[in-house]
1. Kindly give the semi-axes, whole Å and largest first, of the ellipsoid equivalent to the chain, taking each as the square root of 5 times a Cα gyration tensor eigenvalue.
2. With Cβ to Cβ distances under 11 Å as the rule, what net charge do the other residues near ARG157 carry (K, R +1; D, E -1)?
3. At a Förster radius of 30 Å, what calculated FRET efficiency corresponds to the Cβ-Cβ distance of VAL155 and GLU30, to the nearest 0.05?
4. With θ set to phi - 60°, apply the Karplus curve 6.51 cos²θ - 1.76 cosθ + 1.60 along segment 155-160 and write out the HN-Hα couplings as whole Hz, x wherever there is a Gly or Pro.
5. Near the amide H of ALA158, under 5 Å away, which other amide H atoms are found, from residues 5 or more places off or on another chain, if H is placed in the peptide plane?
6. Tell me, what HN-Hα J-couplings in whole Hz come from the Karplus equation 6.51 cos²θ - 1.76 cosθ + 1.60 at θ = phi - 60° for each residue of segment 34-45, using x for Gly and Pro?
7. Could you pull out every residue, at least 5 positions away or on a different chain, whose amide H is within less than 5 Å of the one on CYS180? Hs are placed 1.01 Å off N in the peptide plane, and Pro or chain starts have none.
8. What are the ³J(HN,Hα) couplings of segment 166-175, residue after residue, when phi is run through the Karplus curve with 6.51, -1.76, 1.60 and θ = phi - 60°? Round to Hz, x for glycine and proline.
Amino acid sequence: MPVTDTSAQLAQRLKTEREARGWSLTELAERSGVSKAMISKIERDEVSPTAALLGRLSGAFGLSLSQLLARAEQGTGLLARLAEQPSWQDPETGFLRRAVTPTAGPPTPLELVWGELPPGQSVAYPAAAFAFIQDQQLLMLEGELHFTQGITRHVLRAGDCLRFGPPDACRYENHGSTACRYLIVLLKR
C-alpha cells in the first residue's frame with residue numbers, strides 16, 4: 001500500500017492544533033519536550049518528524065498519533081477503505097502507522113491503528129503519548145515484536161495479544177529479518 005504524502009498537511013495540522021489552543025512555540029516545546037526550533041521547522045514543512053517526535057507532539061495536544069494524522073487527512077467516510085486510510089511513515093526508521101478507524105459519524109472513543117515495523121528497527125514513545133488513553137491492547141499479526149513498557153518487556157508473536165499497563169514510556173523493537181505487523185486497539189478517555 002502506498003504511503004499517503006501528508007507532509008504539508010501534517011505541518012499545517014500541527015500549527016493549527018497549537019494555535020487553536022493559544023499556545024506559543026515555546027509553550028508547545030515545554031509541554032512536549034520537543035525543541036522550539038524543531039517544532040518551527042516541522043510547522044514550516046522543512047523537516048519530516050519522526051514517530052517519536054509526533055508521539056510527543058500528539059501527546060501534548062491530548063491526541064493519539066492516529067487522531068492527529070486523521071485530522072491532517074480530513075477523512076470523512078463511515079467506511080475506511082485500505083487505499084484511503086491515512087498513513088504515515090517515519091523517515092528515520094521506515095515504521096508505518098495507519099489509522100484504520102473510519103472518521104465520519106459521531107465521535108467514538110475507540111480507535112484502531114495498524115503498525116508495521118521494518119526488520120532491525122525500533123520506535124520509542126514517551127509516557128505522555130499515552131496519558132489520554134484509558135485502555136490499549138496490541139494484537140500481533142505477523143513477525144516477532146520485542147515490546148517494553150516501563151521496565152516490563154514482552155516478546156510477542158503472531159496471535160499474541162497484550163493489554164498495556166498504566167501510561168509509561170514504550171519501546172517497539174523488531175530484531176527479526178522480516179517486518180512485524182500488529183493492530184493496536186485504543187480506548188480514549
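Throughout, read-outs are computed from the coordinates displayed, never taken from laboratory work. Owing to the predicted nature of the structure, the values given are computational and were not obtained by experimental measurement. Cβ sites come from the backbone with ideal geometry, for glycine too, and all protein chains shown count toward neighbours.
1. Computed over the chain, the values are 25, 19, 17 Å.
2. Around ARG157, the charge tally is -3.
3. 0.25
4. Once rounded to whole Hz, the list reads 10, 10, 10, 3, x, 6.
5. GLY143
6. My calculation for segment 34-45 gives 9, 4, 4, 5, 5, 4, 4, 5, 5, 5, 8, 6 Hz in order.
7. Here LEU117 satisfy the definition.
8. Residue by residue, segment 166-175 yields x, x, 7, 4, 10, 9, 9, 10, 10, 8 Hz.
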